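Participant: Handing you this structure, nothing more for now.
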Amino acid sequence: MFQVFRQASRNVFKSAGAVVEDVLSQEGAVAADASRPNPDHLARAANRRRMKLRPAEPTDVNFAVETDFLPPNFVQQDIRVDEQRHLVFATTAQLEALSRAKTWYLDGTFKVVRKPFVQLFSIHAFLKAGGAWKQVPLAFVLMTRRKAKDYKQVLQSYRGI
């Protein structure tokens, strides 16, 4: 069990379920199946352990962005409009796909974010994969306000990315 916690803490980008599978497969037939803990329970416990490592959730717009649990270069922009703040997230490959897309599709989701944010704004495009076209979210923006000037500033920021 401690090996699961250790591996989960070291590999923050790997799913807890995959960590559990790896550790259990490394142990092989050392322990009988009946004596092993339930893998689902181990994965939940590993995720709870990881939660303790994460930074506290922001309570206002004046916080430092901690990138320890984010892929490298995933935070693309930190946009300030008046007293508001909007964080743009995307990988380099996602931005390249957006730049090649003929049409962008925009979507706003409101119930998945916590204060100080009010919206997760996403930018999608169609990509061809395996002979089929699929709409894929390629950029994500955490927004603290939903006024026209905020959207305008966010969309204009893509020129500078």
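Participant: Which angle from 0 to 90°, rounded to the nearest 10, does the C-alpha axis of helix 16-27 make with the longest principal axis of the chain?
Facilitator: Roughly 30 degrees, rounded to the nearest 10.
Participant: Taking square-rooted eigenvalues a ≥ b ≥ c of the alpha carbon gyration tensor, is region 70-161 rounded, prolate or oblate, where a/c under 1.5 means rounded and, failing that, a/b exceeding b/c means prolate?
Facilitator: prolate
Participant: Let me ask you something else. Please work out which option in (1) -0.38, -0.79; (2) -0.41, -0.66; (3) -0.44, -0.79 gives log10 I(q)/I(0) by the Debye sum over Cα atoms at q = 0.09, 0.13 Å⁻¹ calculated from these coordinates, and answer with its label.
Facilitator: Checked against the structure: label (3).
Participant: Ranking request for peptides 91-99, 150-158, 106-114: highest mean number of other beta-carbon atoms within 10 Å first, then the rest in descending order.
Facilitator: Listed from highest to lowest mean packing, they are 150-158, 91-99, 106-114.
Participant: Here's another thing I want to ask about it. Give the distance, in whole Å, between the Cα centre of region 95-113 and the Cα centre of region 120-150.
Facilitator: Region 95-113 and region 120-150 have Cα centres separated by 1 Å.
Participant: Assuming R0 = 30 Å, can you tell me the calculated FRET efficiency for the pair Ala93 and Arg44, based on Cβ-Cβ distance, to the nearest 0.05?
Facilitator: 0.45
Participant: Given labels modelled 7 Å from the Cα in the Cβ direction, how far is it in nm from Ala18 to Phe2?
Facilitator: Roughly 2.7 nm, to one decimal.
Participant: I would also like to ask the following. Quick check: net charge around Val113, other residues with Cβ under 15 Å of its Cβ, Lys/Arg +1 and Asp/Glu -1?
Facilitator: So the environment of Val113 carries a net charge of +2.
Participant: Related question: Once the piece of chain linking Ala64 and Leu127 is laid out straight, how much longer is it, given 0.36 nm per residue of separation minus the C-alpha distance between them?
Facilitator: 19.3 nm
Participant: Report the number of Lys pairs in the chain whose alpha-carbons are under 18 Å apart, with separation of 8 or more residues or on distinct chains.
Facilitator: Step by step, the pairs that qualify in the chain add up to 5.
Participant: By how many nm would the segment from Thr109 to Arg80 grow when fully extended, if each residue of separation counts as 0.36 nm and the alpha-carbon distance is taken off?
Facilitator: Answer, rounded to one decimal: 8.4 nm.
Participant: Still on this structure, I have one more. Per DSSP helix of 4 or more residues, -39500 (n - 2.57); summed, then divided by the residues of the chain. What does that give at 222 nm, rounded to the nearest 500?
Facilitator: Theoretical 222 nm ellipticity from helices: -10000 deg cm²/dmol.
Participant: Under 9 Å from the Cβ of Pro55, count the other residues' Cβ atoms, weight Lys and Arg +1, Asp and Glu -1, and hand me the total.
Facilitator: Surrounding charge for Pro55 is -2.
The numbers here are math on the coordinates, done by the rules we state, and not lab data. Nothing here was measured: the structure is a model prediction, and the numbers come from that model. No Cβ is skipped: glycine too gets one built from the backbone with ideal geometry, and neighbour counts run over all protein chains shown.
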